[in-house]
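Encoded as structure tokens, the structure appears first; notes follow it.
The values are calculated or read from the model by the stated rules, or taken from the named source; none is laboratory data. This is a predicted model, so every value here is computed, not measured. Note that we place each Cβ from the backbone using ideal geometry, even for glycine, and neighbour counts take in every protein chain shown. Side chains are part of the model used for accessible areas, which takes the heavy atoms of the whole protein and leaves out ligands, DNA and RNA. Shrake-Rupley method; radii C 1.70, N 1.55, O 1.52, S 1.80 Å.
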Amino acid sequence: MVPHHAYNRLGSGGTTPSPPASPRRSPRIHRRPSKSASGRALQAPRTLLQRLAWMLLSLLLRRQAIFLFAPLLYVAGMLFYMGTVSLEGVPRIISRPAPGSVYRSPQLYQRLRPDMDSDNSSDALATVWRHLYKGGTWRPCINMTMNELPDSNGYIYVEANGGLNQQRTSICNAVAVAGYLNATLVIPYFHYHSIWRDPSKFKDIYDEEHFINTLKNDVRVVDKVPDFIMERFGYNMSNVHNFKIKAWSSIQYYKDAVLPKLMEEKFIRISPFANRLSFDAPSAVQHLRCLANFEALRFSNPIATLAEKLISRMKERSIDNNGRYIAVHLRFEEDMVAFSCCLFDGGEEEKQDMNAARERGWRGKFTKPGRVIRPGVIRMNGKCPLTPLEVGLVLRGMGFSNNTAIYLASGKIYKAEKTMAPLLEMFPLLQTKETLASPEELAPFKNYSSRMAAIDYSVCLHSEVFLTTQGGNFPHFLIGHRRYLYGGHSKTIKPDKRKLALLFDNPKVSWKALKRQLLNMRAHSDAKGIEIKRSNDSIYTYPCPDCMCRSNRSEVLKSPPAS
């Protein structure tokens, strides 16, 4: 109800009543002032400091945006304060390296050596795992054919680059491509590499006659291009059309891009050719790869003869274990240590050696602006090559006793006199091709890195157990070849180097605990030896039933047209 006095003002034409006052944005707290006896309000006198504080508070309440600057004012005040404080009495913060980022294996070995030497609880070579292939009856990825070949679409000449096993990849892929395109393959030419520096030809490393005869029902192979073809190109290989093919190209690319030119010119070349065919390929292509790798490629007679002697001598030295020995592929040469960018225990001298080696082998690659090398992270990620000492710890921890015969496949070990001493202490029966063969026996191979690698490959192939320490083409081919020979199971140890970095960095680990971890790692390696091949895995490493190995010559020639 409208009050009576307000109604009168409205009715008499007076002004309308004002709306109630809006509340203040920042209402103040009003206190009723106390009154004196005479009824007059009393206010306590304020000091100058109180009046200044009240004015500042009033300003802040009216201008709330000022609060946005409060953190800046606080930081500025703290910086001003810290500038006036002496840091001499402040405790230092010590940063510790991340677990597994430092090479501490020598200290671990010295601490655990007494317990290791007194441990004779097991001998792994006498009780080595006996798992068989679990995917059913194991069948090799090859079935020999007896078909007549149609007329050739032309000649293919490839240049295989890299070391021994990279060249092996090129050869097998060249056989597969030539068979798929119904072409005649010229014996591959080995490109001279600035690192391996081996001028060997195909026949110096492989049995050329055996290679041609083994493939004769699947792919035509000749040792040279016929004169009537070379005459068309003026006997000049540079006049022949050269295909620059991307790495891991599909076989379909060869059908679409290479075959038409081959049929037009009757002679083409492909250079370079390493890794120019994808792993994922039809069964006919996989069959040809397997046939080339596991049957057609046999080492030349001089290499095979010396390798057989060394295998026999290794068995003689392991008579206590019924002729069974372990083969270790040790990648601890100077170039591998330099390329890994890992730090070991060589101090400043090692750093200078590695910097010089990196500059010699990969001029400018490791000193590009903006490139950051973090050795600790590399070690934690399991990318550092195992040292000879760490190989010894792994094998002893996995139950192999010190009377186990070991064949060491390797190039020239970095600072061998120092780095090999602990491994020889743990395994005094260790041998290399240099200790097994006389200087006269090795002389024909001494200055040829690929031929020396072929000798190592052969001795490792027939070992009871193979330990790989640093990936690469050599162990991948060897693991697959051993599977092919031993019914699908290769008895290969591939240590988890991420876990090893942590284990070897633990200052409190006991020999018993370390051995338990390494035995588990060995069991895991055994399981990996019988796993099923995935579609993108290398046929050279997994020559198993899942490799789509059932093929025949009609499949090989079904897609490309005949001449």
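Return yes or no: is E308 open to solvent by 10 Å² or more (accessible area, probe 1.4 Å), modelled with pLDDT under 95 and among the acidic types (D, E)? Break it down into steps so the answer makes sense when it comes.
Values: open to solvent by 10 Å² or more (accessible area, probe 1.4 Å): yes; modelled with pLDDT under 95: no; among the acidic types (D, E): yes.
Considered against the rule, which asks whether it is open to solvent by 10 Å² or more (accessible area, probe 1.4 Å), modelled with pLDDT under 95 and among the acidic types (D, E), E308 comes out as no.
Can you tell me which of S458, S490 is in contact with a strand residue (DSSP E or B) (Cβ under 8 Å, 6 or more places away or on another chain), outside any strand (DSSP E or B), open to solvent by 10 Å² or more (accessible area, probe 1.4 Å) and hydroxyl-bearing (S, T, Y)? Even if it seems obvious, please write down each step before you answer.
On the way: S490 fails: open to solvent by 10 Å² or more (accessible area, probe 1.4 Å).
Sole residue among the options that is in contact with a strand residue (DSSP E or B) (Cβ under 8 Å, 6 or more places away or on another chain), outside any strand (DSSP E or B), open to solvent by 10 Å² or more (accessible area, probe 1.4 Å) and hydroxyl-bearing (S, T, Y): S458.
Could you please give the count of residues in the stretch 81-108 that are at pLDDT 75 or above and part of a loop (DSSP other than H, G, I, E, B)? First the steps, then the outcome.
First, pick out the residues of the stretch 81-108 that are at pLDDT 75 or above: 81, 96-108.
If we keep only those that are part of a loop (DSSP other than H, G, I, E, B) too, we end up with 96-104.
Going through the stretch 81-108 one residue at a time, the tally reaches 9.
Suppose we filter R62, R111 for residues that are at pLDDT 85 or above and either open to solvent by 80 Å² or more (accessible area, probe 1.4 Å) or more than 30 Å from D345 (Cα to Cα) (or both); which single one remains? Working first, answer last.
On the way: R62 fails: at pLDDT 85 or above.
One residue alone meets the criteria, R111.
Which condition does M452 not pass, out of (1) under 27 Å from the mean Cα position of the chain (by Cα); (2) touching a residue at least 60 places away in the same chain (Cβ under 8 Å), if it passes all the others?
Of (1) under 27 Å from the mean Cα position of the chain (by Cα); (2) touching a residue at least 60 places away in the same chain (Cβ under 8 Å), only one is false for M452: (2).
Hey, among the residues in the stretch 120-167 that are within 30 Å of G323 (Cα to Cα) and modelled with pLDDT of 90 or more, which one's farthest from the chain's Cα centre (by Cα)?
L164
V285 - would you say it is assigned by the TED database to the domain that holds D505, touching a helix residue (DSSP H, G or I) at 6+ places or on another chain (Cβ under 8 Å) and β-branched (V, I, T)? Lay out the reasoning, then the answer.
Numbers: assigned by the TED database to the domain that holds D505: no; touching a helix residue (DSSP H, G or I) at 6+ places or on another chain (Cβ under 8 Å): yes; β-branched (V, I, T): yes.
Taking the combined requirement at face value, the residue does not satisfy it.
Does the stretch 467-475 include one or more residues that are farther than 20 Å from T387 by Cβ and under 27 Å from the mean Cα position of the chain (by Cα)? So that I can check it myself, show each step before the final result.
So in the stretch 467-475, the residues farther than 20 Å from T387 by Cβ come out as 473.
From what's left, under 27 Å from the mean Cα position of the chain (by Cα): 473.
Yes, because at least one residue in the stretch 467-475 is farther than 20 Å from T387 by Cβ and under 27 Å from the mean Cα position of the chain (by Cα).
Tell me which of these P495 doesn't satisfy, since it passes every other one: (1) of a type outside the set (D, E); (2) part of a helix (DSSP H, G or I); (3) open to solvent by less than 40 Å² (accessible area, probe 1.4 Å).
Of everything listed in (1) of a type outside the set (D, E); (2) part of a helix (DSSP H, G or I); (3) open to solvent by less than 40 Å² (accessible area, probe 1.4 Å), P495 misses just condition (2).
For the stretch 199-246, enumerate the residues that are in contact with a strand residue (DSSP E or B) (Cβ under 8 Å, 6 or more places away or on another chain), open to solvent by less than 50 Å² (accessible area, probe 1.4 Å) and among the charged types (D, E, K, R).
Across the stretch 199-246, the qualifying residue is only D207.
Out of the residues in the stretch 371-428 that are in a loop (DSSP other than H, G, I, E, B) and free of Cβ contacts under 8 Å to residues at least 24 places away in the same chain, state the one that is surrounded by the fewest Cβ atoms within 10 Å (Cβ to Cβ).
Filtering the stretch 371-428 for residues in a loop (DSSP other than H, G, I, E, B) gives 371-374, 381-387, 398-405, 410-412, 414-415, 420, 427-428.
Those left that are additionally free of Cβ contacts under 8 Å to residues at least 24 places away in the same chain: 371-372, 374.
Working: R371: 8, V372: 5, R374: 11.
Among residues in the stretch 371-428 that are in a loop (DSSP other than H, G, I, E, B) and free of Cβ contacts under 8 Å to residues at least 24 places away in the same chain, the one surrounded by the fewest Cβ atoms within 10 Å (Cβ to Cβ) is V372.
Looking only at residues in the stretch 348-361 that are open to solvent by 40 Å² or more (accessible area, probe 1.4 Å) and modelled with pLDDT of 90 or more, which one is farthest from T387 (Cα to Cα)?
Per the stated criteria, the residue is E359.
Check F279, F267, F294 and return the single one that is open to solvent by 30 Å² or more (accessible area, probe 1.4 Å), of a type in the set (F, W, Y) and in contact (Cβ under 8 Å) with a residue 40 or more places away in the chain.
Numbers: F267 fails: open to solvent by 30 Å² or more (accessible area, probe 1.4 Å); F294 fails: open to solvent by 30 Å² or more (accessible area, probe 1.4 Å).
Of F279, F267, F294, the one residue that is open to solvent by 30 Å² or more (accessible area, probe 1.4 Å), of a type in the set (F, W, Y) and in contact (Cβ under 8 Å) with a residue 40 or more places away in the chain is F279.
Give the stretch 510-546 a look and list any residue that's assigned to a loop (DSSP other than H, G, I, E, B), modelled with pLDDT of 95 or more and open to solvent by less than 10 Å² (accessible area, probe 1.4 Å), or say none. Talk me through it step by step, then tell me what you get.
We begin by selecting, within the stretch 510-546, every residue assigned to a loop (DSSP other than H, G, I, E, B); these are 510, 529-544.
Adding the requirement that they be modelled with pLDDT of 95 or more leaves 510.
Within the stretch 510-546, no residue meets the criteria.
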